[in-house]
Amino acid sequence: MTNKSTMFYSEKLGLSPTDNSNWRLRTSILGAAVWEYVETPQADDLQSPMEKYLLGSDDFEPPVYNDRAKDAFESAIRGAEFFRLLQAENGTWPNMYQGPMFMTVGYVAACYFTKTTIPEAYKTEMIRYYINVSHPVDGGWGLYNVDKSTCFGTTMGYVCLRLLGLPPHHTACVRARDTLHRLGGAVANPHWGKAWLAILNLYEWEGVNPAPADLFMLPQFLPIFPFKWWVHTRAIYLAMSYVSSVKGKCELDPLLLSLRTEIYTKSYGKIDFSKERNNVCGVDLYYPHTGFLNLANNVLVFYEKYLRPDWWNRRVNKTIYEYVLKELKNTEYLGIAPVSAAFNTIVTYMEEGPDSENFQKTRDRLSEVLFKGPEGITVMGTNGSQTWDSSFAVQYLFMAGLAERPEFKDMIVRAYKFLIRSQFTDECADGSFRDRRKGAWPFSTKEQGYTVSDCTAEAIKAIIMVKNSEYYKDVHHLYDERNLEDGIDILLGLQNVGNFHFGSFSTYEKNKATPLLEALNPAEVFGNIMVEYPYIECTDSSVLGLKYFTDHYEYRRDEINLAIDRAIKYIRANQNEDGSWYGCWGVCFTYAGMFALEALSVVGNTYESDLTVRKGCDFLVSRQLPDGGWGESMKSSEMHEYFSSPNSLVVQTAWVVIALILAEYPQKDVIDRGIKLIMDRQQSGGNWKFESVEGVFNHSCGIEYPNYKFMFTIKALGLYSKTYA
């Protein structure tokens, strides 16, 4: 059954959707989630409520309540009852982790390059998604799904629509093409856009700034050695450098020849691509080139054109490919994220051909980053947020006073079992320049293979909560508490204790190189991508996990207390003068403020006793909107200054309410108004609607966390009820 209650733009343009009733979400015990279109569903293969909800189907049946919740606790119960319907059998809460509009081109380009057929149902839904999230005024696309139209987003979207089968005279293509031409045409793409176009033979490699594979041959002690870069950047440029060095590109065909005439403002043959290397549309440009980067690029262009011998290039690429294979082994052929995964697919195809096991495994796992929602199919930011969400779900039901209610026990047990399965039990392949991971947890799934500091800390805390509850004694035996010690070892090892932001925690690794490398940032659309940076949120979560562990276990207690003390000093030192903290993974000052104040609260700091807490609370309270809630715009992340959204937002209101309650903010009426807004926005079935992008990365790209509207609201309502009962 399709959703007849909503008329999407794609339907207005005459594009029929696939039949929602034929879609099934196949999940594995390790968290993988793959949408399958079943032409003739079997009688024993019925859609679950979770699938119907995710698809936006009209036959999804939410709980039915005849009146409004009488108080915050009842509101929390109703929210949890709805949230329970969205859990998969494997214990996770699958969701459309959408936002970035530069991911899908990797999937489409990899399939086109490797002559992999995309099934018709997937093509239809990918076209629908692009059309349905196109800019309502000009028909283009931005860096993320609700961004202004950019050259990068519009070029990639237009190329994908054409490769997926939409004709150039279609209204969606005409509007997007007009916008692209107004933005300067495809020559004004940033580096990644130019690289994808070159791979598709829609642009010449001489117009792409170098991605020198030779850097991976440098001595390891040098600061510029790529395996000291941020993990996402090095994974992308590892594979991209291989393709770039051999100038890999598709064979020209009639469709590509046609596209060459469509995406530029003048004839393809008249473009001097070598002069377009640094041409980036002003709308796109977030992080301009430094003079040092321009100099380095000029030197490298000369080197690659005139000095680098073929034998050396072959030797370098042999080494690069060995590293790519190690990355595939470490991630069960997933890659860290969709951009590098698409490049890896192309590299394995070029190196080994279509019949090789490495290529086929890499290609097949690309399907795990596709997600189907009401608007269509897109490529997500990663293969999901499974571990992150499951950890929060367990914790917040405990903190809300709901975990020991019988109706929620099965939900907690399933999530607990998933977290147990998700802890890393082995190390990475030798020679892959990866840190220890045994005992840590990932952001998404164990198979994805990458340690994340705050995910490890939050998983530790969630597991301990279940282990400490007598109500769950029947599942205590499933987890050996000694495995927590491995997690603590990893977490302590992730703290930055050198000269760079002493006491902080980064994301995947501790800092390994100087931030001066940012002068070589080639991406142009993102900031802070070259090395691991410290993050308030990661530091806060690490404090929460370490403190909760040491409250219940003796293991390495003195070292843990020292690490907590260092982290708290970092949190204090990085508070802005106005009392705020800048958040890098959520929007923005509100998100970071919640985490910082919770971390400070667990070591005994309150509004009355601590100036840092007082300033943090006062900053948040000063941003309360007239309706009693809070709302912050993505513009805050981009500009590093607080910007209110036009209206209050449920998720951000919950963040502030949580912060104020845990900080023991004395003016209850401020909190009352926030709680009233959360309750007023609750729908008749107990759920809340999506209102605005909750997450962000690299300062400029928004991304949605669909489960936040359940988890943080339930936490806020439950804490309020327990605190003021």
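Inside segment 615-642, can you point out the residues that are without any contact (Cβ under 8 Å) to a residue 24 or more places away in the chain and surrounded by 17 or more Cβ atoms within 10 Å (Cβ to Cβ)? Of everything in segment 615-642, just one residue is without any contact (Cβ under 8 Å) to a residue 24 or more places away in the chain and surrounded by 17 or more Cβ atoms within 10 Å (Cβ to Cβ), namely 625.
You will find that of 629, 616, 593, the residue that is assigned to a loop (DSSP other than H, G, I, E, B) and touching a Gly at 6+ places or on another chain (Cβ under 7 Å) is 629 and no other. The residue that is most open to solvent (accessible area, probe 1.4 Å), counting only those in segment 40-56 that are modelled with pLDDT under 95 and touching a helix residue (DSSP H, G or I) at 6+ places or on another chain (Cβ under 9 Å), is 40. When segment 16-47 is limited to residues that are more than 27 Å from the chain's Cα centre (by Cα) and among the aliphatic types (A, V, I, L, M), the one that is nearest to residue 447 (Cα to Cα) turns out to be 38.
This table checks each residue for (1) open to solvent by 10 Å² or more (accessible area, probe 1.4 Å); (2) closer than 18 Å to residue 542 by Cβ; (3) out of contact with any strand residue (DSSP E or B) (no Cβ under 7 Å at 6 or more places or on another chain); (4) part of a helix (DSSP H, G or I).
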{"site": "382", "(1), (2), (3), (4)": "yes, no, yes, no"}
{"site": "391", "(1), (2), (3), (4)": "no, yes, yes, yes"}
{"site": "414", "(1), (2), (3), (4)": "yes, no, yes, yes"}
{"site": "419", "(1), (2), (3), (4)": "no, yes, yes, yes"}
{"site": "427", "(1), (2), (3), (4)": "yes, no, yes, no"}
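Only a single criterion out of (1) in contact (Cβ under 8 Å) with a residue 24 or more places away in the chain; (2) in the same structural domain as residue 526 (by the TED database); (3) among the β-branched types (Val, Ile, Thr) is not satisfied by residue 612, namely (2). Scanning segment 531-554 for residues that are open to solvent by 10 Å² or more (accessible area, probe 1.4 Å) and closer than 20 Å to residue 435 by Cα turns up 533, 534, 535.
Quick check on segment 292-313. Is at least one of its residues in contact with a Phe, Trp or Tyr (Cβ under 6 Å, 6 or more places away or on another chain) and either closer than 30 Å to residue 426 by Cβ or open to solvent by less than 40 Å² (accessible area, probe 1.4 Å) (or both)? First the steps, then the outcome.
First, pick out the residues of segment 292-313 that are in contact with a Phe, Trp or Tyr (Cβ under 6 Å, 6 or more places away or on another chain): none.
No - not one qualifying residue is present in segment 292-313.
For segment 246-276: of the residues being open to solvent by less than 10 Å² (accessible area, probe 1.4 Å) and part of a helix (DSSP H, G or I), which is farthest from residue 213 (Cα to Cα)? For segment 246-276, the residue satisfying everything is 259. Looking at 555, 533, which is the one that is assigned to a loop (DSSP other than H, G, I, E, B), under 30 Å from residue 194 (Cα atoms) and among the hydroxyl-bearing types (Ser, Thr, Tyr)? Result of the check over 555, 533: 533. The residues of segment 129-153 that are out of contact with any strand residue (DSSP E or B) (no Cβ under 6 Å at 6 or more places or on another chain) and of a type in the set (Phe, Trp, Tyr), listed by number, are 130, 141, 152. Of all the criteria given as (1) assigned to a loop (DSSP other than H, G, I, E, B); (2) buried (at least 17 other Cβ atoms within 10 Å of the Cβ); (3) of a type outside the set (Ser, Thr, Tyr); (4) in contact with a strand residue (DSSP E or B) (Cβ under 8 Å, 6 or more places away or on another chain), the one not satisfied by residue 31 is (4). Checked across segment 479-489, the condition of being among the polar types (S, T, N, Q) and free of Cβ contacts under 8 Å to residues at least 24 places away in the same chain holds for no residue.
Would you check if there is a residue in segment 107-123 being among the aromatic types (Phe, Trp, Tyr), in contact with a strand residue (DSSP E or B) (Cβ under 8 Å, 6 or more places away or on another chain) and under 22 Å from residue 25 (Cβ atoms)?
Yes; the residues of segment 107-123 include at least one that is among the aromatic types (Phe, Trp, Tyr), in contact with a strand residue (DSSP E or B) (Cβ under 8 Å, 6 or more places away or on another chain) and under 22 Å from residue 25 (Cβ atoms).
Restricting segment 565-588 to residues that are open to solvent by less than 10 Å² (accessible area, probe 1.4 Å) and either part of a helix (DSSP H, G or I) or out of contact with any Phe, Trp or Tyr (no Cβ under 6 Å at 6 or more places or on another chain) (or both) leaves a set whose member that is farthest from residue 99 (Cα to Cα) is 567. Answer yes or no as to whether residue 228 is surrounded by fewer than 20 Cβ atoms within 10 Å (Cβ to Cβ) and among the basic types (Lys, Arg). No.
Checking every residue in segment 167-180 against the condition of being of a type outside the set (Val, Ile, Thr) and closer than 20 Å to residue 381 by Cβ gives zero matches. For segment 512-524, state whether one or more residues are in contact with a strand residue (DSSP E or B) (Cβ under 9 Å, 6 or more places away or on another chain) and not assigned by the TED database to the domain that holds residue 221. Checked segment 512-524: no residue is in contact with a strand residue (DSSP E or B) (Cβ under 9 Å, 6 or more places away or on another chain) and not assigned by the TED database to the domain that holds residue 221.
If you go through segment 347-380 and keep only what is open to solvent by less than 10 Å² (accessible area, probe 1.4 Å) and farther than 26 Å from residue 56 by Cβ, you end up with 347, 348, 359, 362.
The values are calculated or read from the model by the stated rules, or taken from the named source; none is laboratory data. This one's a predicted model, so the numbers in the text were calculated from it and none came from an experiment. We place every Cβ from the backbone using ideal geometry, glycine too, and count neighbours over all the protein chains shown. Please note that ligands, DNA and RNA were not included when accessible areas were found on the heavy atoms of the full protein model with its side chains. Shrake-Rupley method; radii C 1.70, N 1.55, O 1.52, S 1.80 Å.
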